[in-house]
Structure formats: structure tokens, C-alpha cells
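Let me begin by presenting the structure, written as C-alpha cells, before commenting on it.
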Amino acid sequence: MVMVHQSCTTRFPMNFDMKTKKAVSVIITTYNDIEYLKEAIESVLSQTYEDYEIIVVDDGSTVDPKPLLEDYLPLITYIRKKNGGVSNARNAGISASNGKYLAFLDSDDIWLPEKLELQIDYFNRFPNLGLVYTDTCKFDENGIILESLFHKSTIYDGPHDGMVFERLFSYNFVPFSSIVIRSCCLEKAKVGGFDEVKKGVIQDDFDFLLRLARYYPFGYIDGILMKYRIHGSNLTSDFQRLYLRDFATIDKIIEIFPELHLKNSRFVKKGVGQFQFNFGMEYFEHNSIKQARRCFISSILSYPWHPRSWLYIFATYLPLAVIKYIRRIKS
């Protein structure tokens, strides 16, 4: 049984000015997303909750966005640094923060106005929580809403709240730009900040969330409070790359929490099998049938008692026209 950390009396980092301390430090990281950055900042400035600071970390964009941010400079802390990857940029934002809570917003995503107010109220009602996340919707470059992440998608496993580590181990269902965390949680030795050593090898969001979920309960707000932009440079559009990085992340988590493998080998096998099945569903829903079949087979090899993997292996041998027809019937 994992012990739940019930309260936080200190925070990370410790070198903050009490006179300027805000309740929430909003960290916006950007790299060559100048066309979206202003919209992200405006979505924070439009929040109904006002006790926050905004820290914009530019991770060495090839075009300096600062001239485009002149109107915002009195309202934000702007950091321009040498390119070091998103983990390095987020850690730079954490180091510059002074809030009791930390919120992360990718520069191509958007918050809805009541997001922070509802999340801080949730923390106040449930003070043992380490993180609160929300539902989100996807939208394209024309502003057209595509889907709610949880309410309409057949791919995502979620939402879940409470001690979600076992669920999260199988699939990353937490939209990262929706999260607010209690900043003192970073003081846990195996939580800390974002991994800069294995950048490009692991999925840093997933890694961070798993380490946090190992110790702290998560809360979920059933409402769309964040909009996730779909465009050509989204990492999640490359399933193969994402699959390999998520799998490397799971290997890392098993390494730093050896009790998972030593005492819970069935849990690990089941979790890995479910993870492979979920990625198979990603491929299957996007008509990458051969890749889906490989994932379903890997799922069974990891955990043979997963009935849906057997079912979907059979489905991958059906003609694509039949698969699409069955989907229409289900809809």
C-alpha cells in the first residue's frame, strides 16, 4: 500500500520572496510557437481567479518572441534560455516560481476562464490532493472543436481520481496543460522536477505524472476547462515515437520503484499488457491496422488474460470496409 502524503508544510524551491508570493505560478513553455503564444497568455489573463503569476520560458526559439510580447512584459516574468528541451524549460520555470501551486500550459494550448478558480476551490475542499486535472477538448487550426477527450473518445482510458498510479501506469490519461499541482509535492525525493537526463528517450510528462501519482492522490474536474490544439507539429500525431518513449518511461519507473517488479510482478505484466493494448487501440482507431495488430499481440505476450486483445487481434484481420461499417453501427 502506498502511503498518501496528507499535508505540505514547505515547498520547492525555497528561495522565494514572500512579498510577491502568488497562489499559483503559471509556467508557459514555448519553442517556435510565436503564432500561438499570445493566445495562451491571453487565456491566463482572462482567468476569473486572479492570484497568479505568469512565467514564460522561451527554450531558445530560432526567432526571439520578446518583441511580440512587449505589451505583456509588465504582467509576466519572461525567461529566454539556450535550447535544452521542454524538461529543462519547465524546470527553469519552477526555479523562478514562488506560488503555492504550479500550473503548466503549453504555448499552443488554451485555458477557459474558470479553470484556475475551479481547481483552487477543489484543492481547498480536498487538501490531501497533490494534483487536480480537468477534461479538455481538441480543436484544429481553424478553431473547430473536434472532441471532448473523455466524453466522446473511445481511445482514452479515463478519467480516474484518487490514487491513480496503477491506472496511469497502463495509460497516460491526464492532459498535461490541464494540471495544477501543489508545489510542495516536488520535495519528495523521487518526484522532484522534470527529467533532463533522458530527454528525447522518455516521455517527460508521463514520467513526471507517474512519479507524482506514486505518492499523491489526483483530483478530477468533470468539465472542459482546457483546449488542446491539433496541428502538424504535435508530438502525439506520431504514434510510433510516442509508443517508444512511453515504453521507455515505464522501464524507468520500474527501475526507480523496484518494489513494483519485486513484489507486484503480476501488476507489472498486467500494466504493460494494458499499455500495449491501449496503444493498439490508438493505431486501430486511426486505421493503422498492422501496427495495431503488433500491439495487440505484444499485449497478449505480456498478459495473456486480456480478453479484448484477443478480440481485436481477430478484428485486425477483417477488411477495412467491414471495420468502418461496424464502427458506424456502434455509433
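For the chain, the longest principal axis of the C-alpha atoms and the axis of helix 204-213 are separated by about 90°. Of the trypsin sites (Lys or Arg not before Pro) in the range 55-124, the ones in a loop by DSSP (not H, G, I, E or B) with at most 15 other beta carbons within 10 Å are K81, K82. On a 0 to 90° scale, report how tilted helix 239-256 is relative to the longest principal axis of the chain, with both axes built from alpha carbons and the result rounded to the nearest 10. The angle comes out at about 80 degrees. Sequence-distant contacts, meaning Cα pairs under 8 Å at least 6 residues apart, place the relative contact order of the chain at 18 percent. Selection among A89, P175, T136 by position relative to the dipole of the range 18-239 gives A89 as farthest towards the positive end (Cβ unit charges, Cα centre).
Tell me the mean residue ellipticity at 222 nm calculated for the chain from its helices only (DSSP H runs of n ≥ 4, each -39500 (n - 2.57), averaged over every residue, nearest 500).
-12000 deg cm²/dmol
Neighbours of A40 by Cβ distance under 13 Å: Lys/Arg scored +1, Asp/Glu scored -1, total -4.
Only the Cβ atoms of Lys and Arg (+1) and of Asp and Glu (-1) were treated as charged; on that basis the dipole of the chain about its Cα centre amounts to roughly 1440 debye. Once the convex hull of all Cα atoms in the range 264-330 is built, its volume per residue stands at 70 Å³.
Take every DSSP beta bridge whose two residues both sit in the chain, then give the antiparallel share in percent to the nearest 5. Provide the component values of the computation, followed by the final result.
On the way: 11 of 39 bridges.
Antiparallel: roughly 30 percent of the beta bridges in the chain.
Rounded to the nearest 10 degrees, the inclination of helix 86-95 to the longest alpha-carbon principal axis of the chain is 40 degrees.
Could you compute the longest span of the chain free of chymotrypsin sites (Phe, Trp or Tyr not before Pro) located in DSSP loops and having at most 15 other Cβ atoms within 10 Å, not counting the site residues? Can you show the working numbers first?
Details: sites that count: W305, Y317.
In short, 1-304.
Toward the positive end of the charge dipole of the chain, with +1 on the Cβ of Lys and Arg and -1 on the Cβ of Asp and Glu, the farthest Cα among G200, S302, A40 is that of S302.
Considering all C-alpha pairs of the chain, those separated by over 29 Å amount to 39%. For the range 243-331, the relative contact order comes to 21 percent (Cα pairs under 8 Å, sequence separation of at least 6).
Multiplying the residue separation of I297 and A96 by 0.36 nm and subtracting their alpha-carbon distance yields 67.7 nm. Treating each Cα of the range 184-331 as an identical point scatterer and summing with the Debye formula, the log10 of I(q)/I(0) at q = 0.18, 0.21 Å⁻¹ comes to -1.23, -1.35.
A cut-off under 15 angstrom between Cβ atoms defines the neighbours of K199, and their net charge, with Lys, Arg +1 and Asp, Glu -1, is 0.
The numbers here are math on the coordinates, done by the rules we state, and not lab data. Just so we're clear, the structure is a prediction, and the values are computed from it rather than from any experiment. All Cβ positions, even for glycine, are placed from backbone atoms using ideal geometry, and neighbour counts span all protein chains on display.
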